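Read through the structure below, which is laid out as structure tokens, and then see the notes.
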Amino acid sequence: MRYLNESEILPYIHAGKEIEQYLGSYYHNDFRCVRYVTLGKDKVGYYGLLFELFDDSCEGVESIYDYSSVEPDNLNGIELGSFESFRILLEYIGNIAELDSNKYLISGQLDEEIKERAK
């Protein structure tokens, strides 16, 4: 697994790929939850999706992508944007969550990152 820094992610996004970043864990009503953000671009502009999920690993669910949403109305993430500029999107998300400019991943690699953090 190779992390991307902020200066490397726009070419991936312009190629139609989504970029993700794990934002850590927290507790909601005594249940461990995890957060991550997905960044991408569509016809309208740059967007972000914030996912807040129950950590279902203790239930035998192996992938973060299969965890259940904390809010049933946000199964596909909380929409953040659309913005004309990628920089404005990052600033907006920075008001909601702390992003690490050197810890971006190509979509689909969060399970591997979580395993690395658990070591």
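Filter region 64-119 for residues that are of a type in the set (Val, Ile, Thr) and out of contact with any Cys (no Cβ under 6 Å at 6 or more places or on another chain) and give the result. Selection gives Ile64, Ile78, Ile88, Ile93, Ile96, Ile106, Ile114. Sub-7 Å Cβ pairs linking a first residue in region 99-119 that is without any contact (Cβ under 8 Å) to a residue 12 or more places away in the chain to a second residue that is surrounded by fewer than 14 Cβ atoms within 10 Å (Cβ to Cβ) and assigned to a helix (DSSP H, G or I), at least 6 apart or interchain, number zero. Cβ separations smaller than 6 Å between residues 6+ apart or across chains give the following pairs from region 68-82 residues that are within 11 Å of Gly40 (Cβ to Cβ) to residues that are of a type in the set (Val, Ile, Thr) and loosely packed, with under 11 Cβ neighbours inside 10 Å: Ser82/Val44.
Residue-wise test of (1) touching a Cys at 6+ places or on another chain (Cβ under 8 Å); (2) not aromatic (Phe, Trp, Tyr).
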{"residue": "Asn5", "(1), (2)": "no, yes"}
{"residue": "Pro11", "(1), (2)": "no, yes"}
{"residue": "Tyr22", "(1), (2)": "no, no"}
{"residue": "Ser25", "(1), (2)": "yes, yes"}
{"residue": "Asp30", "(1), (2)": "no, yes"}
{"residue": "Arg35", "(1), (2)": "no, yes"}
{"residue": "Gly40", "(1), (2)": "no, yes"}
{"residue": "Leu50", "(1), (2)": "no, yes"}
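Please indicate, with yes or no, whether at least one residue in region 70-82 is touching a Lys or Arg at 6+ places or on another chain (Cβ under 7 Å) and under 12 Å from Val37 (Cα atoms). Among the residues of region 70-82, not one is touching a Lys or Arg at 6+ places or on another chain (Cβ under 7 Å) and under 12 Å from Val37 (Cα atoms), which makes the answer no.
Scanning region 53-91 for residues that are acidic (Asp, Glu) and within 30 Å of Ser7 (Cβ to Cβ), which turns out farthest from the chain's Cα centre (by Cα)? The residue in question is Glu84.
Scanning region 1-32 for residues that are closer than 26 Å to Ser57 by Cα, touching a residue at least 24 places away in the same chain (Cβ under 8 Å) and in contact with a Lys or Arg (Cβ under 8 Å, 6 or more places away or on another chain) yields Tyr3, Gln21, Tyr22, Leu23, Ser25. Looking only at residues of region 18-59 that are among the basic types (Lys, Arg) and in contact with a helix residue (DSSP H, G or I) (Cβ under 9 Å, 6 or more places away or on another chain), we find that the one that is farthest from Glu79 (Cα to Cα) is Arg32. Of everything in region 14-52 that is more than 17 Å from the chain's Cα centre (by Cα) and of a type outside the set (D, E, K, R), the residue that is surrounded by the most Cβ atoms within 10 Å (Cβ to Cβ) is Gly45.
Readers should treat all values here as calculations from the given coordinates under stated rules, not as data from a laboratory. Values in this document were obtained by computation on a predicted structure and should not be read as measured data. Every residue, glycine among them, receives a Cβ derived from its backbone with ideal geometry; neighbour counts consider all protein chains shown.
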